[in-house]
1. Can you tell me the orientation of helix 109-118 relative to the chain, as the angle in degrees between its alpha-carbon axis and the longest Cα principal axis, to the nearest 10?
2. For a paramagnetic label modelled at 7 Å from the Cα of Lys100 toward its Cβ, which residues of the range 53-76 fall within the zone defined by backbone nitrogen distances under 19 Å?
3. Skip the ligands, DNA and RNA, and give the accessible area per residue of the chain with a 1.4 Å probe, whole Å².
4. Cα axis of helix 169-178 to longest principal axis of the chain: angle in degrees, 0 to 90, nearest 10?
5. So for the chain, averaging the separation of alpha carbon pairs under 8 Å that are six or more residues apart and normalising by length, what relative contact order in percent results?
6. Test of understanding: express the Cα radius of gyration of the range 57-107 as a ratio to 2.2 N^0.38 Å, with N the residue count.
7. Based on the mean of other beta carbon atoms within 10 Å per residue, what is the order of 16-23, 52-59, most packed first?
8. Quick check: the distance between the Cα centres of the range 103-171 and the range 3-54, to the nearest angstrom?
Amino acid sequence: MELWYTEYQTREIGITCKISKTYYTGKSKFQDIALIETGQFGKMLVLDGMVQTTVKDEFVYHEMISHVPMCTHTNPEKILVIGGGDGGAIREAIKHKSVKKAVLVEIDGKVVEIAKKHLPEISCALDSEKVEVKVTDGIKYAKENKNTFDVVMVDSTDPVGPAAGLFDKDFYKSIYECLKEDGIFVAQTESPFFHKDLIKRVFDSVDRIFPIARLYTCSVPTYPSGYWSFTMGSKKYDPLLTDISKIDGLQTKYYNPKLHKACFVLPEFVKNIIKK
Ligand code: SAM
């Protein structure tokens, strides 16, 4: 018998993958969790019926959420990842030699446990001595830790359930305060095709709070529409002015110095989403 997984990304469209093996299905305090093997994308982590990451395309998202802000900052030493329990964003962050400490704040310890057990390719950095994993709410953590981090990455689920507050203006204010005086923050902000209102709302909030606000994009085949956005807020460094000749030695499959600037070049319909 064939088994198939379908995520309805909107009411009109979805993604369907043939399942060759099921490693885990269960329910945590926060969400339904599944870890399945698919023919096309290899192992796939699914939370509440939505694809979070797959072994075959995870490098795009994790490199782009991490290296763009990390290379924009001139000396990122202390890093915070909110969400991101699979460990992919922090794996990329600690590739930077300047990093002394990276804290992962994930609300659901079960996601970390499943990723460590079934996704070693992605979660491998979670046991690094530079990494501290805290199982708690990122909204509370950001409020309680002021003037602490050089770079904050918000690697969240979609804006429902415990992640809803991670898309609020008040949360971005806490992130601003949680950053040092030249800190940078980035959040995944969904698809320019399917989530225009969310991107506009988040970008407007970030633009009001941070002196520099930028939107950049990349292609992630397993995310809704395959085209994804990130919103960056920066207190001092503009990613468009990064000296890309200084970026070297990073082992990557997607990100590179030229892409650092190219990813901020937006198509007209995306520019229109964030137009004032
Ligand atoms: N890259 C993914 C995407 O765009 O679909 C996100 C992956 S990561 C697994 C998302 C994580 O955010 C989940 O494990 C979820 O438990 C966590 N999360 C949701 N709300 C949170 C909160 N308030 N504080 C900390 N972590 C949270």
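The values are calculated or read from the model by the stated rules, or taken from the named source; none is laboratory data. From a predicted model like this one, the values you see are computed outputs, not experimental measurements. All Cβ positions, glycine included, derive from the backbone under ideal geometry; neighbour counts span all protein chains shown. Side chains are part of the model used for accessible areas, which takes the heavy atoms of the whole protein and leaves out ligands, DNA and RNA. Shrake-Rupley method; radii C 1.70, N 1.55, O 1.52, S 1.80 Å.
1. 70 degrees
2. Residues passing the 19 Å test: 70-71, 73-76.
3. That works out to 45 Å² per residue.
4. Roughly 60 degrees, rounded to the nearest 10.
5. Values: 572 pairs, mean separation 43.2, N = 276.
Dividing the mean separation by the residue count of the chain yields 16 percent.
6. Against the compact-globule rule of thumb, the ratio is 1.04.
7. The densest-packed peptide leads the list: 52-59, 16-23.
8. With the range 103-171 and the range 3-54 each reduced to a Cα centre, they are spaced 21 Å.
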